[in-house]
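The structure appears below as structure tokens.
The values are calculated or read from the model by the stated rules, or taken from the named source; none is laboratory data. Computed from a predicted model, the values in this text were never measured in an experiment. Please note: Cβ atoms are built from the backbone with ideal geometry, for glycine as well, and neighbour counts cover all protein chains shown. Ligands, DNA and RNA are excluded from the accessible area calculation, which covers all protein heavy atoms including side chains. Shrake-Rupley method; radii C 1.70, N 1.55, O 1.52, S 1.80 Å.
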Amino acid sequence: MRILTGIQPSGKLHWGNYFGAMKSMFDLQEKGDIFMFIANYHAMTTVRDGAALREQTRDVALDYLACGLNPDKAVIYRQSDVPEVQELAWFLSCLTPMGLLERCHSYKDKMAHGFDATHGLFAYPVLMAADILMMNADLVPVGKDQKQHLEVTRDLAQKFNNAFGEIFKLPDAYIPDSVATIPGTDGQKMSKSYRNTIGLFEDAKAIKKKVMAIVTDSTPMEEPKEPEGNSIYELYKLFATPEEVAEMAANFRAGGYGYGHAKKALLEAYHRLFDPFRARREELAKDPDTLEDILKAGAVKARAAAAGTMEKVRAAVGL
Ligand code: ADP
Ligand code: TRP
């Protein structure tokens, strides 16, 4: 089984990215062969600074390797190291109804947030379909907000197969039930567009400040509180063991337990999980040549897979 996912290097990765997208992929590492790529072409829809794009691309690679991606088992590569995806995106574009893209929420959402209405943003799901179909992926772990893009991918694969013969597999999205929408410091969905994120590797002081500033209601400390739906409790569930979660819930319901206590517990649980990742990241960051070697080795494998697909696809379309 081939498992593929991509992530845009369009800013620093945050808790929402880790629990919404990265972790489910690490969990799948033993179950199939993993292709993980850094979607730097996609990030060009919003990033207009070459140096920043290069640095953010490197940062995403470091984050993934530090948090548990094993380059001996998984193929990790930069999207732009497989330029064949642009060619495939064109082939798919020629079969893509405008209405299909007009219905995509993520485009409408970007418009609502004031992004320029570029062709790149509009055609984004077609390039994403090319990423996935190129590598013959069976399963694509993504957050809920990407579900519609997977539907577009299946639709385009079907259209291509109908026109040119059975070439593409129809991939499935992998969105475990346990992966909820992770709340940000203001209680909305954590997202860099809402400036409510807590970064995976921000410095410890900044993380503490953000955790302590998570918005809560003003129920006094002594009063019992319902934990479900509370952002701190929802975030704690991600980091803590089931026993610890049950204990926090009981504490909230009993009263005499304030949001300050819960924030402290959350911070401790974050450090328990992330301090070892942080140490590994610092080591990796000291050795840029090794990182480059890992990405280049990944690109060789990814391009070999792409060459196999493109040979069939070019022949089928008549090139
Ligand atoms: P952002 O919303 O910060 O721009 P992206 O759209 O780049 O994040 O998301 C990258 C991946 O992380 C996607 O698969 C997305 O579904 C997942 N993700 C991002 N934020 C969250 C969140 N708050 N909850 C769950 N998953 C998330
Ligand atoms: N659109 C995805 C996101 O914003 C990133 C992405 C690009 C992707 N190509 C992909 C994810 C292919 C999975 C498969 O999160």
By a straight-distance test (C-alpha under 19 Å), which lysines pair with Lys159 as possible cross-link partners, with residues fewer than eight away in the same chain excluded? Lys147, Lys169, Lys312
Using θ = phi - 60° and the Karplus curve 6.51 cos²θ - 1.76 cosθ + 1.60, what whole-Hz ³J(HN,Hα) does each residue of the range 112-118 get, with Gly and Pro shown as x? 4, 8, x, 6, 5, 7, 9
Just subtract the alpha-carbon distance of Trp90 and Glu30 from 0.36 nm times their residue separation and send over the number in nm, one decimal. 18.2 nm
Rounded, prolate or oblate (a/c below 1.5 giving rounded, otherwise prolate when a/b exceeds b/c) for the range 154-292 by Cα gyration tensor: oblate
Across Tyr18, Tyr233, Tyr194, the residue with the highest GNM fluctuation in the chain (Cα network, 10 Å cutoff) is Tyr194
With the full set of protein chains in place, find how many percent of the accessible area of the chain is carbon and sulfur; take the probe as 1.4 Å. 53
Assign one of three labels to the range 242-319, namely rounded, prolate or oblate, based on the Cα gyration tensor with a ≥ b ≥ c the square roots of its eigenvalues; rounded applies when a/c is under 1.5, prolate when it is not and a/b is larger than b/c, and oblate otherwise. oblate
Please give the FRET efficiency for Ala304 paired with Met1, using the beta carbon to beta carbon distance and R0 = 30 Å, rounded to the nearest 0.05. 0.95
Across the range 267-276, in residue order, what do the Karplus-derived ³J(HN,Hα) couplings come to in whole Hz, using 6.51 cos²θ - 1.76 cosθ + 1.60 with θ = phi - 60° and x for Gly and Pro? 4, 5, 5, 4, 5, 4, 6, 8, 4, x
Straight-line reach from Lys210: which lysines have a Cα under 17 Å away, not including same-chain ones fewer than 8 places off? Lys12, Lys189, Lys192, Lys263, Lys264
If you average over every viewing direction, what projected area does the convex hull of the Cα atoms of the range 52-159 give, in nm²? 8.0
What lysines could a cross-link reach from Lys73, if we take a straight Cα to Cα line under 18 Å and drop same-chain neighbours fewer than 8 places away? Lys23, Lys31, Lys296, Lys301
